[in-house]
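Chemist: Would you mind keeping the following structure in view while I ask a few things?
The values are calculated or read from the model by the stated rules, or taken from the named source; none is laboratory data. Only a predicted model underlies this, so the values are computations on that prediction, with no experimental measurement involved. Neighbour counts run over all protein chains shown; Cβ positions are idealised from the backbone, glycine included. The area values use the complete protein model at the heavy-atom level, side chains included, leaving out ligands, DNA and RNA. Shrake-Rupley method; radii C 1.70, N 1.55, O 1.52, S 1.80 Å.
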Amino acid sequence: MNKDLGLFIKQLEEEKPRSVIRVKKVVKPEFEIPAILQEIEKRKANPVIIFEKVKNLNGGVSELPVMINLFGDRARLAMAMNVPVDKMSHEYVAKEKFPVKPVEIDKSKASVKEVILKGKEADLYDLPIVTHHEMDLGPYITAGFAWAKDPETGWINCAIIRMYVSGPQTLAVNFNANRHTNFIFQKYKKMEKPMPMVIVIGHHPAFYMGAQTKIHTDEMDIIGAIMDEPLEITPSETWGNEMMVPAQAELLIETEISTSEIAIEAPFGEYTGYYGGQRTNPIAEVKAITRKKDAVYLDIMPGHADHLLLDAPMIEANLYSKIKEAVLGTQNVHMPVSGTARLHAYVQIRKTNDGEPKAAIMAALSAEYRLKHVVIVDDDVDIFDDQEVLWAIATRSQWDKDLLVVPGVMGSRLDPSAEDVVTTKGGIDATKPSEKHSFAERIAIPKSVIENIDLKDYLESKDMESLKK
Ligand SMILES: Cc1cc2nc3c(=O)[nH]c(=O)nc-3n(C[C@H](O)[C@H](O)[C@H](O)COP(=O)(O)O)c2cc1C
Ligand SMILES: [Mn+2]
């Protein structure tokens, strides 16, 4: 059987027992779950939290526990992919090059078919769907993929799209204009047919990472590549073999999106740390719900690490491969959480001439539409440490020569400083001048001395304890 969410949590509890917290008290999905997460985050901790007893939207206690903050830690994502944390983007690019085709399995072997609900029984209000921020329109599914099939290529596209629960069997779905989901939706619109869309909620985190690929292809093959095993798929309840679905997901909601009706959607607390404004969006109607008997309802906390970190390695992987095409000495890319993991990128290069940093800035800015500011540093600067990057800007840049400013470019509509989708982008070359010029030497303590220091030989054990995080 495919790796699934339960297997990952078991592995996590064995290897890092402190990174899973279970809450047994009955909690409300409206604000209470987000508030508890935020209080834990304030203490600089980032565990997965499982709420075992959560009210559903019908006022009863849901059969499904709620899991939040699965993605709130880069090390956890690296563990899911079985790769070193500072090499995630490299490994992601390498795995993407070898797509793995899915395998079809019988419904009897698909754990997501253990419970099948159709007609009025397929009720979203039976689920513990979370309301996150004060001004949000209401409960939102935030860890749900829009799983849709391109009617021309037959490819499956998969993207996390927020979905507002507007009734027991209706949702408003927010895919941006430049998303593959929208390209597919436009094709159905032309055919004047509703678009089948399966909402996939809860799977192994490697599934989540594979499904967030930026490559335009049959995404089932990339999910297989990132999971290191073929994705198991099985026929859907509503469309049979015409629409195959992931067999070992926690929960699937089979829907049809009307190509004629729209609904008001948002405000909604966004990745930027601000509310995104109200808009009109397509409506999905629930046809069936299938799930594991002991399914967990996965939620992602918008605007927090849980949300920001999930897409970061995939954006980094995309940037890494595109910047490397322009500048061969590109070493690594980091989308820091301090820049919402979307608007800022730190790029580490080993340059061979002084024109390469600006070439890297241009390649980066055109590869990812949300990216706004790029900082290019040398390979002695740790790009996973904001302070090191700011130090490089402080000591290695002269903005009359090192700043590149590009006004009037397409950016993120959600950035409140942009004018609709038009923004000003820029980059800073914070690298030292190339070898030809002399440059100040960075301070350092001899490596041979550092290597022989073991703090236990110098400190009392109570002082050693106080250094522990
Ligand atoms: C938690 C989370 C929520 C997201 N919500 C949305 C959304 O509501 N609308 C949207 O267009 N993209 C959203 N995204 C971004 C897309 O999922 C992401 O860009 C995806 O790779 C797009 O897939 P595509 O390249 O197949 O279009 C979200 C990403 C994450 C991680
Ligand atoms: Mn896609």
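Chemist: Can you go through Ala360, Ala345 and tell me which one is part of a helix (DSSP H, G or I) and either surrounded by 22 or more Cβ atoms within 10 Å (Cβ to Cβ) or in contact (Cβ under 8 Å) with a residue 24 or more places away in the chain (or both)?
Modeler: Details: Ala345 fails: part of a helix (DSSP H, G or I).
That would be Ala360, the only listed residue that is part of a helix (DSSP H, G or I) and either surrounded by 22 or more Cβ atoms within 10 Å (Cβ to Cβ) or in contact (Cβ under 8 Å) with a residue 24 or more places away in the chain (or both).
Chemist: Within the group Val165, Val198, Val115, Val103, which residue is among the β-branched types (Val, Ile, Thr) and in contact with a Phe, Trp or Tyr (Cβ under 6 Å, 6 or more places away or on another chain)?
Modeler: Values: Val165 fails: in contact with a Phe, Trp or Tyr (Cβ under 6 Å, 6 or more places away or on another chain); Val115 fails: in contact with a Phe, Trp or Tyr (Cβ under 6 Å, 6 or more places away or on another chain); Val103 fails: in contact with a Phe, Trp or Tyr (Cβ under 6 Å, 6 or more places away or on another chain).
Of the residues listed, the single one that is among the β-branched types (Val, Ile, Thr) and in contact with a Phe, Trp or Tyr (Cβ under 6 Å, 6 or more places away or on another chain) is Val198.
Chemist: Looking only at region 216-225, which residues are in contact with a Lys or Arg (Cβ under 7 Å, 6 or more places away or on another chain) and within 16 Å of Ala249 (Cα to Cα)?
Modeler: Within region 216-225, the subset in contact with a Lys or Arg (Cβ under 7 Å, 6 or more places away or on another chain) is 221, 224-225.
Across region 216-225, the qualifying residue is only Gly224.
Chemist: Separate question: How about region 15-35: which of its residues are open to solvent by less than 50 Å² (accessible area, probe 1.4 Å) and either assigned to a helix (DSSP H, G or I) or not β-branched (Val, Ile, Thr) (or both)?
Modeler: Here is the first cut: in region 15-35, the residues open to solvent by less than 50 Å² (accessible area, probe 1.4 Å) are 19-20, 23, 27, 29, 33-34.
The answer is Ser19, Pro29, Ile33, Pro34.
Chemist: Of the residues in region 258-306, how many are free of Cβ contacts under 8 Å to residues at least 60 places away in the same chain and open to solvent by less than 10 Å² (accessible area, probe 1.4 Å)?
Modeler: Number satisfying all stated conditions: 0.
Chemist: Just one of the numbered conditions (1) within 26 Å of Gly408 (Cα to Cα); (2) surrounded by fewer than 20 Cβ atoms within 10 Å (Cβ to Cβ); (3) in contact (Cβ under 8 Å) with a residue 40 or more places away in the chain is not true of Gln331; which one?
Modeler: Answer for Gln331: the failing condition is (1).
Chemist: A further question on this structure: Return the total of residues in region 213-232 being surrounded by 23 or more Cβ atoms within 10 Å (Cβ to Cβ), within 14 Å of Asp150 (Cβ to Cβ) and of a type outside the set (D, E, K, R).
Modeler: Residues meeting the conditions: 1.
Chemist: How do the pairs read when you match residues in region 159-173 that are open to solvent by 10 Å² or more (accessible area, probe 1.4 Å) with residues anywhere that are within 10 Å of ligand 1 (Cβ to nearest atom) and of a type in the set (Asp, Glu), using Cβ under 7 Å and keeping only pairs 6 or more apart or on different chains?
Modeler: Once the first residue is open to solvent by 10 Å² or more (accessible area, probe 1.4 Å) and sits in region 159-173, its partners that are within 10 Å of ligand 1 (Cβ to nearest atom) and of a type in the set (Asp, Glu) give Tyr164/Glu265.
Chemist: Turning to a different aspect of this structure: Would you check if there is a residue in region 189-203 being within 16 Å of ligand 2 (Cβ to nearest atom), assigned to a helix (DSSP H, G or I) and not aromatic (Phe, Trp, Tyr)?
Modeler: No: region 189-203 contains no residue that is within 16 Å of ligand 2 (Cβ to nearest atom), assigned to a helix (DSSP H, G or I) and not aromatic (Phe, Trp, Tyr).
Chemist: When you check Ile184 against the structure, is it in contact (Cβ under 8 Å) with a residue 24 or more places away in the chain, part of a helix (DSSP H, G or I), touching a helix residue (DSSP H, G or I) at 6+ places or on another chain (Cβ under 6 Å) and within 13 Å of ligand 1 (Cβ to nearest atom), yes or no? Spell out how you get there, then give the answer.
Modeler: Numbers: in contact (Cβ under 8 Å) with a residue 24 or more places away in the chain: yes; part of a helix (DSSP H, G or I): yes; touching a helix residue (DSSP H, G or I) at 6+ places or on another chain (Cβ under 6 Å): no; within 13 Å of ligand 1 (Cβ to nearest atom): yes.
For Ile184, the condition - in contact (Cβ under 8 Å) with a residue 24 or more places away in the chain, part of a helix (DSSP H, G or I), touching a helix residue (DSSP H, G or I) at 6+ places or on another chain (Cβ under 6 Å) and within 13 Å of ligand 1 (Cβ to nearest atom) - is not met.
Chemist: For residues that are over 18 Å from the mean Cα position of the chain (by Cα) and among the basic types (Lys, Arg), tally how many sit in region 79-101.
Modeler: Matching residues across region 79-101 total 2.
Chemist: Looking at Trp155, is it within 14 Å of ligand 2 (Cβ to nearest atom), on the phi < 0 side of the Ramachandran plot, touching a residue at least 40 places away in the same chain (Cβ under 8 Å) and surrounded by 20 or more Cβ atoms within 10 Å (Cβ to Cβ)?
Modeler: On the way: within 14 Å of ligand 2 (Cβ to nearest atom): yes; on the phi < 0 side of the Ramachandran plot: yes; touching a residue at least 40 places away in the same chain (Cβ under 8 Å): yes; surrounded by 20 or more Cβ atoms within 10 Å (Cβ to Cβ): no.
The answer is no for Trp155.
Chemist: Would you say Glu229 is away from ligand 2 (no atom under 14 Å from the Cβ) and either over 29 Å from Glu121 (Cα atoms) or modelled with pLDDT of 95 or more (or both)?
Modeler: Working: away from ligand 2 (no atom under 14 Å from the Cβ): yes; either over 29 Å from Glu121 (Cα atoms) or modelled with pLDDT of 95 or more (or both): yes.
Considered against the rule, which asks whether it is away from ligand 2 (no atom under 14 Å from the Cβ) and either over 29 Å from Glu121 (Cα atoms) or modelled with pLDDT of 95 or more (or both), Glu229 comes out as yes.
Chemist: Still on this structure, please answer the following. Testing Leu12 on (1) at negative phi; (2) open to solvent by 50 Å² or more (accessible area, probe 1.4 Å); (3) within 21 Å of the chain's Cα centre (by Cα), one condition comes back false. Which one is that?
Modeler: If we test Leu12 against (1) at negative phi; (2) open to solvent by 50 Å² or more (accessible area, probe 1.4 Å); (3) within 21 Å of the chain's Cα centre (by Cα), just (2) comes out false.
Chemist: Here is a list: Val200, Val245. Which entry is in the same structural domain as Asp106 (by TED's automatic domain parsing), at pLDDT 95 or above and within 16 Å of ligand 1 (Cβ to nearest atom)? Outline the logic, then answer.
Modeler: Values: Val245 fails: within 16 Å of ligand 1 (Cβ to nearest atom).
Residue meeting the stated conditions: Val200.
Chemist: Checking the condition outside any loop (DSSP other than H, G, I, E, B) and under 28 Å from Gly138 (Cβ atoms), which residue from Pro235, Pro282 passes?
Modeler: Result of the check over Pro235, Pro282: Pro282.
Chemist: Can you tell me which residues in region 81-114 are among the β-branched types (Val, Ile, Thr), open to solvent by 30 Å² or more (accessible area, probe 1.4 Å) and touching a residue at least 40 places away in the same chain (Cβ under 8 Å)?
Modeler: Initially, region 81-114 is screened for residues among the β-branched types (Val, Ile, Thr), giving 83, 85, 93, 100, 103, 105, 112.
This time we only want the ones that are open to solvent by 30 Å² or more (accessible area, probe 1.4 Å), so: 85, 100, 103, 105.
Val100, Val103, Ile105 - these are the residues of region 81-114 that are among the β-branched types (Val, Ile, Thr), open to solvent by 30 Å² or more (accessible area, probe 1.4 Å) and touching a residue at least 40 places away in the same chain (Cβ under 8 Å).
Chemist: For the structure I just gave you, tell me whether Ala148 is away from ligand 2 (no atom under 16 Å from the Cβ) and open to solvent by less than 40 Å² (accessible area, probe 1.4 Å).
Modeler: Values: away from ligand 2 (no atom under 16 Å from the Cβ): no; open to solvent by less than 40 Å² (accessible area, probe 1.4 Å): yes.
Taking the combined requirement at face value, the residue does not satisfy it.
Chemist: Consider Glu356 carefully, then state whether it is under 23 Å from the mean Cα position of the chain (by Cα) and modelled with pLDDT of 95 or more.
Modeler: On the way: under 23 Å from the mean Cα position of the chain (by Cα): no; modelled with pLDDT of 95 or more: yes.
Spelling it out, it is not the case that Glu356 is under 23 Å from the mean Cα position of the chain (by Cα) and modelled with pLDDT of 95 or more.
Chemist: Tell me, which residue of region 238-250 that is more than 19 Å from Ala206 (Cα to Cα) and part of a strand (DSSP E or B) is least open to solvent (accessible area, probe 1.4 Å)? Working first, answer last.
Modeler: Just the residues of region 238-250 that are more than 19 Å from Ala206 (Cα to Cα), to begin with: 238-244.
After this cut, where a residue has to be part of a strand (DSSP E or B) as well, the list is 240-244.
Values: Gly240: 23, Asn241: 108, Glu242: 131, Met243: 5, Met244: 22 Å².
Selected residue: Met243.
Chemist: Next question, about the same structure. Being within 8 Å of ligand 1 (Cβ to nearest atom) and outside any strand (DSSP E or B) narrows it down to one of Asn176, Asn157, so name that one.
Modeler: Numbers: Asn157 fails: outside any strand (DSSP E or B).
Of the residues listed, the single one that is within 8 Å of ligand 1 (Cβ to nearest atom) and outside any strand (DSSP E or B) is Asn176.
Chemist: In region 180-212, which residues are open to solvent by 10 Å² or more (accessible area, probe 1.4 Å) and under 15 Å from the mean Cα position of the chain (by Cα)?
Modeler: Hit for region 180-212 is Gln212, nothing else.
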